[in-house]
Amino acid sequence: MKPIDKSASETASKLKALFAELYGGHFTLYRAPGRVNLIGEHTDYNDGFVMPAALDLYTYVAVSPRPDRRLSVYSETLAEMRDLDLDSIRPGKSGDWSDYVRGVAGVLESYGYKLRGADIAITSEVPLGSGLSSSAALEVSTAWALLSNSEINVDRNAIPQMCQRAEHLYPETKCGIMDQFISCHGRAGHALMLDCRSLDFQLLPVPSQVRLMVCNTMVRHEHASGGYNTRQGECEEGLRALQQVLPDIRALRDVTIDELERHRSRLTPLIYKRVRHVVTENERVKMAACALRAADMAKLGELMADSHRSLRDDYEVSTPELDLMVELARDQKDVYGARMTGGGFGGCTISLVHSDLAEEVQQKLGQLYEAKTGLSPTILICEASDGSGAVAET
Ligand code: GLA
């Protein structure tokens, strides 16, 4: 096992005291990271391509077995305790944060994994609800903890799909596979290009001088989850209309831009725009992979700019605050590229910045954004990091 980093050892000691107070005794520790997506937005549920990186921000789950079939779950982040009975978990949403834990436990059991009861303490560095995929980090770290606690060995490859299913059936968000996948398979210093149909992936080195600057606009619109499901429905509508004339297509991933233009009259103007985003975004991801391989940051920056425009104008999931943050970042020299990241309707932008100037840019962006909006943004300088797993003993 790799030596653990500073944040893991600090978290482990913090949890040690907490765990002793709550439950007494020893625990084992698992963690899973949040993510940022460099390019390839709203393509995962259309069987397309994405290019996320795991962040050096993790959710930690400390676990020890209990003799019964209960899960006693304490969130250090929210200072709340929940008690769940493994024998009465059923799909459906309650709206509580524990839906993610309940969901993972419920899905693992539905796959035939008989779980032991557990005492659990959770703490997270991933800011909640800001589009950095705190939910997937919670699901994936919980899956590792529950499985290991029950002495069940599961292939890392099986975890993302089970966690995605948990999110569909319990919190009832019809998310794609991107977030859970990168949380499991992230690699330090690399972005990951994923084919969301075959789940084949390639790790692409992020040039060592590049930092991932994540800028939280501090605005999250209420229709975030509703809007997400609406967009998905619009893609399905586009797919059904195009299948009338292109019977071989299984998902929007199979549509070319020429085919879309040829059959444009079959779609309403709105659905046409939604489909155009998905079709062009998939192409951009493939070009971005070539650019990253060649360390051509100028090209990658152009593709990020096009992606943002497409999300703003065609997919309509950006906000004035996201647009402003992206514009301000692009005006800074030494920012290679910037765009909104994640599902949209608020949340964060990603900027790729030269490491030497990252702190200067961080400060300037913060000041400019605050001067224009009156909001004080959280701006993090991150690095691409490793995916989920056990944290070795301190
Ligand atoms: C959310 C979902 C992902 C993906 C993005 C948009 O983060 O969880 O599956 O669809 O939005 O790219």
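Things to note:
- Test item: Cα-centred dipole of the stretch 209-337, Lys/Arg +1 and Asp/Glu -1 on Cβ, debye: 240 debye
- Residue-by-residue Karplus 3J(HN,Hα) for the stretch 137-154, coefficients 6.51, -1.76, 1.60, Hz, glycine and proline x: 4, 5, 4, 5, 5, 5, 4, 4, 5, 5, 5, 5, 4, 9, 6, 10, 9, 10
- Put simply, the amide H of Gly337, placed in the peptide plane, has neighbours under 5 Å in Leu352, leaving out anything fewer than 5 places away on its chain.
- Compactness relative to 2.2 N^0.38 Å, alpha carbon Rg of the stretch 210-309: 1.28
- The per residue volume of the convex hull around the alpha-carbon atoms of the stretch 89-176 is 98 Å³.
- Taking the Cα atoms of the stretch 172-222, the ratio Rg/Rh between the radius of gyration and the Kirkwood radius comes to 1.05.
- Taking a straight line from the alpha carbon of Lys299, these lysines sit under 27 Å away, with near neighbours fewer than eight places off in the same chain left out: Lys273, Lys286, Lys333, Lys364.
- When the alpha-carbon atoms of the stretch 108-236 are used, the pair Rg, Dmax equals 16.3, 46 angstrom.
- Cα coordinate range in the stretch 6-109, projected on the principal axes (Å, largest first): 46, 38, 21
- Alpha carbon centroid spacing (whole Å) that separates the stretch 101-161 from the stretch 229-295: 33 Å
- On a per residue basis, the convex hull of the C-alpha atoms belonging to the stretch 251-327 measures out at 93 Å³.
- Other residues whose C-beta falls under 13 angstrom from the C-beta of Val210 contribute a net charge of -3, scoring Lys and Arg +1 and Asp and Glu -1.
- DSSP finds beta bridges in the chain, and of those with both partners inside it, around 90 percent are antiparallel.
- DSSP-loop trypsin sites (Lys or Arg not before Pro) across the stretch 19-118, with at most 12 other Cβ within 10 angstrom: Lys114
- One quarter of the surface of the convex hull around the alpha-carbon atoms of the stretch 222-377 equals 10.3 nm², the direction-averaged projected area.
- Taking the chain and dividing mean pair separation by its residue count, relative contact order in percent (alpha carbons under 8 Å, at least six apart): 24 percent
- The stretch 206-264: Rg to Rh, with Rh as the Kirkwood radius over Cα pairs: 1.21
- Each helix, a run of at least 4 DSSP H residues, gives -39500 (n - 2.57); summed and divided by the residues of the chain, these come to -13000 deg cm²/dmol at 222 nm.
- Separation of the Ala17 and Ala295 label points, Cα + 7 Å toward Cβ, nm: 4.4 nm
- Using the empirical formula 2.2 N^0.38 Å as the baseline, the Cα radius of gyration of the stretch 291-394 reaches a ratio of 1.18.
- Over the chain, the alpha carbon radius of gyration divided by the compact-protein estimate 2.2 N^0.38 Å works out to 0.99.
- The loop-placed trypsin sites (Lys or Arg not before Pro) in the stretch 312-366, going by DSSP, that have at most 16 neighbouring Cβ atoms within 10 Å of their Cβ come out as Lys333.
No value in this document is a laboratory result; all are computed from the given coordinates. Remember, it's a predicted structure, so these values are computed and weren't measured experimentally. Please note: Cβ atoms are built from the backbone with ideal geometry, for glycine as well, and neighbour counts cover all protein chains shown.
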